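A short write-up of the structure that comes next.
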Amino acid sequence: MEITPAVRTPIRTALMRGLRRRCPRCGEGQLFVRFLKTHERCTECGLLYQRDYGDTLMFMIITDRIPLLAGIAILYFGIHPNGWLSTAMFFGALSVPLLATLRERQGLALALDYLLRVYIRDESDELHGGRAYVRS
């Protein structure tokens, strides 16, 4: 597997590939080994998915907080659950989509991280000719 240099993948294309849980660069390799465990590199093009562990944490936090913020705004400005059942249904309606889309949001976070690495040049990154990272 040869590591290919950075190609400016269109933003929309990379994001759609991430949502489909595919490599944001080539669109062929799968992102996940198991439920949320990602491959270290793309099996097709050799892209290192996370240069530093935790690079995608910020993107995951943002995609988690936006629906929660919408739910808090709904509570504050509109719906006021009266009983325990309506409260449980409201928080279930907020949490089920968050849990159901966890892999898609993780793929989107990896795609955003890839785009950040491509469009904001860092000479030490292997995407731009830096030394290839080998995990020991």
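The values are calculated or read from the model by the stated rules, or taken from the named source; none is laboratory data. Because the structure is predicted, anything quoted here is derived from the model rather than measured. Because the Cβ atoms are built from the backbone with ideal geometry, glycine has one as well, and the counts that use them run over all protein chains shown.
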Is there any pair linking a residue in the range 38-54 that is aliphatic (A, V, I, L, M) to one that is buried (at least 17 other Cβ atoms within 10 Å of the Cβ), with Cβ under 6 Å and at least six apart or on different chains, and which? L47/C23; L47/R25; L48/R41
Within the range 1-19, can you find the residues that are at pLDDT 90 or above, surrounded by 13 or more Cβ atoms within 10 Å (Cβ to Cβ) and not β-branched (V, I, T)? A14, L15, M16, R17, G18, L19
One residue from I79, I74, I120 being β-branched (V, I, T) and under 19 Å from the mean Cα position of the chain (by Cα): I120
In the range 90-108, residue farthest from the chain's Cα centre (by Cα) [restricted to those that are among the aliphatic types (A, V, I, L, M) and over 11 Å from L36 (Cβ atoms)]: A93
Sort through T63, T56, T38, T43 and tell me the only one that's among the polar types (S, T, N, Q), buried (at least 16 other Cβ atoms within 10 Å of the Cβ) and at pLDDT 85 or above. T38
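Specify which of the listed residues (L69, L85, L110) is in a helix (DSSP H, G or I), surrounded by 15 or more Cβ atoms within 10 Å (Cβ to Cβ) and of a type in the set (A, V, I, L, M).
Details: L69 fails: surrounded by 15 or more Cβ atoms within 10 Å (Cβ to Cβ); L85 fails: surrounded by 15 or more Cβ atoms within 10 Å (Cβ to Cβ).
After applying the criteria, what remains is L110.
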